[in-house]
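First the structure, in the form of structure tokens, and then the observations on it.
Rule-based calculations on the coordinates, nothing more; no lab input. Quick caveat, the model's predicted, so the values are computed rather than measured. No Cβ is skipped: glycine too gets one built from the backbone with ideal geometry, and neighbour counts run over all protein chains shown.
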Amino acid sequence: MRGARNSSRGTEAIASSTRSSVTPCGRSCSATIRCAGVLISVGLNSESTIRTVSLASSSLPTSVPQKWRRPVRQRSRLVRRTGPAHSRVEFAHPSEQEFARFLDYYRIRWHYEPVSFPIAWEGERVAEMFTPDFYLPEHDLYIELTTMKQSLVTPKNRKLRMLRELYPELNVRLLYRKDYTQLLAKAGYGALEVQHLRKEDVGEILISPVELESRVRALGRKISRDYRGQSLVLVGVLKGITFFLADLARQVKEPFVIDYLDLQRFAGALPQERVRIARDIDYPIEGRHVLLVEDIINTGFSTDYVLSELRRRQPTSLEVVTLLDRPLRRLVNVPLRYVGFQIPNDYVVGYGLDYRELYRNLPFICTLRASVYDIPTPPQEPAV
């Protein structure tokens, strides 16, 4: 994890995560780790599902408001066991368990509620803390899940502002429930029910056929220039790239080979399932220049997995061209060399993109009304 050190002021901010695991021998052990300038003492016991994390004192950035700038003398908290053993993690909400399964599917390591960050003090006492739902150590990313209820969003946004002021180099994202629902709908999550789709379900047109044609032509010209005289292989990720790849290929003037791969879709049911290539490419790419063709980049999970699999085959170069990019939804950074359009967070269909295999044949790209794919949150049973 990157440190949150402010070299110009000589100060440090707390940013920590639990990375250790129980030793195979089954004995208790302990470790001391320096993370972002903070000493973390971790005690482990294989007989227990609880780990204790103690943070040594650290000074806070001097640029924060006076009422927040207090030294943290010593604090401890209980940290639950991390994934993917869902049966041993007590999630506070079902959506957190769903998200953990989604991360497991894409082989993303995660920690659930890894650490609490002090964000307000009363004298020497910590008055308020913020505990992110997940930490992804391989991407140094904290994620907080939330619904669109104003009563929840407003205080969480306030805490995030305070957190970012105190720890400016901390990488934290707020993931809304509607964004996650759209993500699952695109990935084929089994809990989503197919509904009757009407013309009224289609929202505004974002990209017209003329705009698509013009942009694809421009991408083809640029790719032709960049790969002049090279041995190029276009690899399309099925199925959303069908129209885009066909039109793009007609605009590339250099010789090339086209191949396809497909990923097993996330079903969200079995914790042991992991992402895998359901249909692999046929053409050997070792020593070739490979251009991965995507229809849309959202979180970056699937593209990151495909890139890692293709790199093992030792191509001379490996780049990505995507028709649509949704950077506001990004959780994993993936290198994009060519981008057709950047779009907002709305669920989009058309020009190869679908909802439950429908709307691929639309000649434009348009939004889909939320009423089509939203799942009403079931009412909570009253506490007894």
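What the table shows:
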read-out: The stretch 204-373, relative contact order [Cα under 8 Å, separation at least 6], %; value: 23
read-out: Shape call, the stretch 204-373: gyration tensor on alpha carbons, a/c limit 1.5; value: oblate
read-out: Whole-Hz couplings from phi, Karplus 6.51/-1.76/1.60, listed for the stretch 91-101; x for Gly and Pro; value: 6, 6, 8, x, 5, 5, 5, 4, 5, 4, 5
read-out: Separation of the SER224 and LYS156 label points, Cα + 7 Å toward Cβ, nm; value: 4.8
read-out: Projected label distance in nm at ARG88 and ASN361, using a 7 Å step from Cα toward the beta-carbon; value: 5.2
read-out: Environment charge of LEU160, counting only residues whose C-beta is closer than 10 Å and scoring Lys/Arg +1, Asp/Glu -1; value: +4
read-out: Order of ARG225, ARG288, ARG164 under a 10 Å beta carbon neighbour criterion, fewest first; value: ARG225, ARG164, ARG288
read-out: Extended-chain gain in nm, criterion 0.36 nm per residue less alpha-carbon gap, GLU211 and ASP262; value: 15.6 nm
read-out: Nearest-0.05 FRET efficiency for ASP280 and ASP140, computed from C-beta distance (R0 41 Å); value: 0.85
read-out: Residues HIS93, HIS111 arranged by fewest to most Cβ contacts within 10 Å; value: HIS93, HIS111
